[in-house]
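Everything on this sheet refers to the single structure shown next.
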Amino acid sequence: MRMGDDSTAGHHRSSGASVHATVSDVQLASVLDTAVDGIIVIDDNAMILMFNKACERMFGYQAAEVVGRNVAMLMPPEEAARHDEYVEAYKTTGQRRIIGNGREVCGRRNDGSHFPVELSVGEAITPAGRQFIGILRDITARVDDERRVNELQADLIRLARISALDEMGLALAHELNQPLTAIMLYLQAAAREFACDQRPGTEHAHAILEKARREAHRAGSIIQRLRQLTEKRAPERRSVDLNAIVEDAVDLTLIGHDRSVRMVRDYREDLPSLIVDQVQIQQVIVNLVRNAFEAVRERPDAEIVVSTAPEERHVLISVSDNGPGIPPERHADLFRAFKTGKQSGMGLGLAISRTIVQSHGGELLVDPGGSGRGARFVVRLPLPGDNEAGSVIAQSGDDGRQLS
């Protein structure tokens, strides 16, 4: 009887332990599935034993798809190789390189894309053998934020360097202007001497001196334009000949650029005068023409067209190229500061140009081109007395419209 009782008691104890174990398993499963971080358990052969809900969201796999398979499927090949080396080294030497330490690794999603992961690994000795528990956190947002901060810091450092070079350039232009003026005076004096000399052959020398004088004058004009663009001064609006300031800006932009690019100038001669800040409008033209050079640099038949034309109560300045056009993914950010698709530059040119044109009551319009057409930018400036408030085009953004 006691044996029977003992047997019954043993049965009750066994049932109670089983119920307790079942409840514990349910609680553990609930904890694992509600955890924000991904949790993976593997055995010492790197086979996945457990894969929680957070891991399913992170990697795009269901648990049934990965349990029983090698954890290498969740890593790029190079990460998998290093992981296997670490595990084997630990099993052989007992030296911990991952276990107990957090590290950044790269994960591979179901669609093949890679993403940064912060991984912490722990170890458990179980009746079934050694197991490793990995806690994973997707740090894509953090890495992106760090990258943006680093890029912004680099841009600010470059901006400070440009500011320093700007001041140096202004001082250099001032210093060069004096010797160039002296050179021109000496050349003019020499030309006058040769003009009085009637000996044979002096005509050729006089022509050479005249060419030298014109080149010195051209160099002085370039330096003067650079000084106007770089010197610090308050905005000054006055009546200007638009064609003249556009031509000066184009000539200035051509300095240092590929001369094989065909530059077409199409200026209307009957344009009315505008009241604008000459330097600011030239800055806009320089930015647009520089962008056009960037767009056509790979084309053997590169061409840029700069034109002016009247339009009712406005005057238009157009800069177009025969490049590939602006990619659709850049449309939304085209006029945003620090957004650039170029290899160099800070992404400020179009943002500043938009602000300048808008401050003049005008619009900066764009036809992005594409499908075999290059891009075309149009500066639309109001005539004197027209106080129309300009809007600025930002492709598909809410604050502008697109050229048809």
## Note on the structure
Whole-Hz Karplus couplings 3J(HN,Hα) for segment 44-56, θ = phi - 60° and coefficients 6.51, -1.76, 1.60, Gly and Pro as x, run 6, 9, 6, 8, 6, 9, 8, 8, 7, 4, 4, 5, 4
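Take each of the peptides 103-115, 281-293, average the number of other beta-carbon atoms within 10 Å over its residues, and list them starting from the highest. Could the numbers behind the result be given before it?
Numbers: 103-115: 13.4, 281-293: 22.3.
Ranking the peptides 103-115, 281-293 by packing returns 281-293, 103-115.
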### Query
Going 7 Å from the Cα of Asn110 toward and past its Cβ, which residues in segment 58-82 have a backbone nitrogen under 14 Å from where you end up?
58-67, 74
### Query
Given 0.36 nm per residue, what is the gain on full extension from Glu118 to Ile135 after removing their alpha carbon distance, in nm?
5.3 nm
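Taken together, the values in this text are just the output of simple stated rules run on the coordinates, not laboratory data. Just so it is clear, the model here is predicted, and its values are computed rather than measured. Neighbour counts are summed over all protein chains in view; Cβ atoms, including those assigned to glycine, are modelled from backbone coordinates with ideal geometry.
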